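The values are calculated or read from the model by the stated rules, or taken from the named source; none is laboratory data. This structure is a prediction, so every number in the text was calculated from the model and none was measured. Here the Cβ is made from the backbone with ideal geometry for all residues, glycine too, and neighbour counts use every protein chain on show. Heads up: the accessible areas ignore ligands, DNA and RNA and are worked out on the full protein's heavy atoms, side chains in. Shrake-Rupley method; radii C 1.70, N 1.55, O 1.52, S 1.80 Å.
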Amino acid sequence: MSSYLLKFGGNAIRGKGDMDRLANEIFHLTAKGAKIILVHGGGPEITAAIEKKGMTTKMVGGFRITDDNVLNVADEVLKGLNNEMVDSLKNAGVNADGMPGHKDKMITCVKKAPIKAKDNGIEVTVDLGLVGEVDTVDTNKIKEMLSNGITPVIYPICASADGIKMNVNADTVASGIAAALKCKEMIFITDVPGILFDVKDPSSKIDTASLKMIDELISSGVISGGMIPKVEACRNAILSGVSAVRMINGKDEQIKMNGGTLITG
C-alpha cells in the first residue's frame with residue numbers, strides 16, 4: 001500500500017480541535033491501509049514561547065539566529081506539540097509514536113551554510129547558528145514502524161553525525177523523508193484551499209499545476225504575497241525528489257486529503 005507524508009505547521013493546525021480533526025482523517029486513511037508519516041513544525045508557537053520567556057533573539061532578514069537558548073525553547077515547544085498530536089491520534093484509534101528527528105539517528109543533519117540577507121538595507125552574510133539541513137534519512141527505521149502498523153509523528157530537532165542538535169526547517173525534513181521513502185504523495189496541510197486564480201473565490205481553485213505553470217502564475221501576479229512561500233516549499237520538495245506534492249486546507253471542517261492543488265514537476 002502506498003505511503004504518504006503529511007506535513008503541518010502552527011498556521012494550519014493549532015490546538016486540540018484542529019489536531020482532533022486531523023487525527024480523525026488519518027484514522028480513516030490508515031483504516032483503508034494507507035501508510036502515513038506525519039511531520040510537523042511549530043514556528044508561531046516557538047515565537048510565542050520565546051516572547052513569553054522575555055528572551056531577546058536576533059533577527060536578520062526575517063531569519064532567527066538560533067543559539068543554545070533558542071534551540072532549547074524550540075525543542076521544548078515542539079516536543080509538547082508532538083505529545084498533543086500523538087494523544088489526538090491515539091484517541092482517534094491510530095497507533096502513533098512521536099519522536100524528534102535525531103532519535104536513533106533516524107535523520108542526521110549538517111549545519112546550514114551562512115546565508116545572504118539584508119540588514120537595514122545592507123546585504124550581509126549571516127550565520128544562523130544551530131540550524132541544520134537534512135543529510136541522511138534512515139528509511140529502514142521508518143519502514144519498520146510502518147510495517148508494524150505504527151504512524152510516526154516526527155518533529156524537526158535533528159542532530160549531526162557527531163551528535164550536535166540543530167533545528168531544521170520542517171518542510172526540509174518532510175521533503176527529505178518523502179523523497180527517501182519514495183512516498184506516493186507529500187501533503188502540505190496549509191491554511192488555504194490550494195492555488196486560486198482569484199484569491200477571493202474558492203471555486204477558482206486550480207486542481208493540478210506543474211512547476212512551469214507555477215512560474216507563470218507568479219509572473220502574472222496570480223500567486224503573490226503569502227502564497228509564494230507555500231508554493232516555493234512545494235517546489236523545493238519536488239526538486240529534492242518528491243514526485244508529487246498536494247497543498248490542502250487544514251482549516252476545512254473535514255480535512256480532505258484528496259482535495260486542494262496537486263503540484264507535479
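Annotations for the structure displayed:
- By the Stokes-Einstein formula, at 1.002 mPa s and 20 °C, the chain with its Kirkwood radius over alpha-carbon pairs has D equal to 113 µm²/s.
- Accessible surface computed residue by residue for the range 178-265, with neighbouring protein chains in place and a 1.4 Å probe, gives 48 Å² per residue.
- Over the range 1-95, relative contact order from alpha-carbon pairs under 8 Å, at least 6 apart, %: 39
- Both the radius of gyration and Dmax for the range 1-155 are 17.5, 54 Å, in that order, over alpha-carbon atoms.
- Heavy atoms of Ser175: accessible area, 1.4 Å probe, square angstrom to 10: 10
- Rg/Rh (Cα only; Kirkwood hydrodynamic radius) as it applies to the range 78-211: 1.05
- Pairs from Lys79/Lys112; Lys52/Lys105; Lys58/Lys251; Lys118/Lys212 whose Cα-Cα separation, in the structure shown, is over 26 Å: Lys52/Lys105; Lys58/Lys251; Lys118/Lys212
- The translational diffusion coefficient of the range 153-216, from Stokes-Einstein at 4 °C and 1.567 mPa s with a Kirkwood hydrodynamic radius over alpha carbon pairs, comes to 88 µm²/s.
- Surface composition of the range 104-157: carbon plus sulfur atoms contribute 48% of the solvent-accessible area (1.4 Å probe, protein chains only, all chains present).
- For Ile36, the residues whose amide H sits under 5 Å from its own are Tyr4, ignoring neighbours fewer than 5 places away on the same chain, with H placed 1.01 Å from N.
- Principal semi-axes of the equivalent ellipsoid, √(5λ) from the alpha carbon gyration tensor of the range 144-265, are 28, 17, 14 Å from largest down.
- Using just its DSSP H runs of length 4 or more, each adding -39500 (n - 2.57), the chain gives a mean residue ellipticity at 222 nm of -11500 deg cm²/dmol after division by all residues.
- Global dimensions of the range 219-265 from alpha-carbon coordinates: Rg and Dmax equal 11.8, 33 Å.
- Normalising the average separation of contacting C-alpha pairs (under 8 angstrom, six or more residues apart) by the number of residues puts the relative contact order of the range 125-171 at 42 percent.
- Nonpolar atom fraction for the range 224-265, defined as the carbon and sulfur part of the 1.4 Å probe accessible area, stands at 51 percent.
- Helix runs (DSSP H) in the chain reaching 15 Å along axis by Cα, Kyte-Doolittle at least 0.0: 170-181, 227-239
- Charge tally around Ala161: other residues with Cβ under 9 Å, Lys/Arg +1 each, Asp/Glu -1 each, net -1.
- Ranking Asp127, Asp20 by solvent-accessible area of protein heavy atoms (1.4 Å probe, all protein chains present), from largest to smallest, gives Asp127, Asp20.
- Per-selection Rg to Rh, the range 15-75 - Cα, Kirkwood hydrodynamic radius: 1.17
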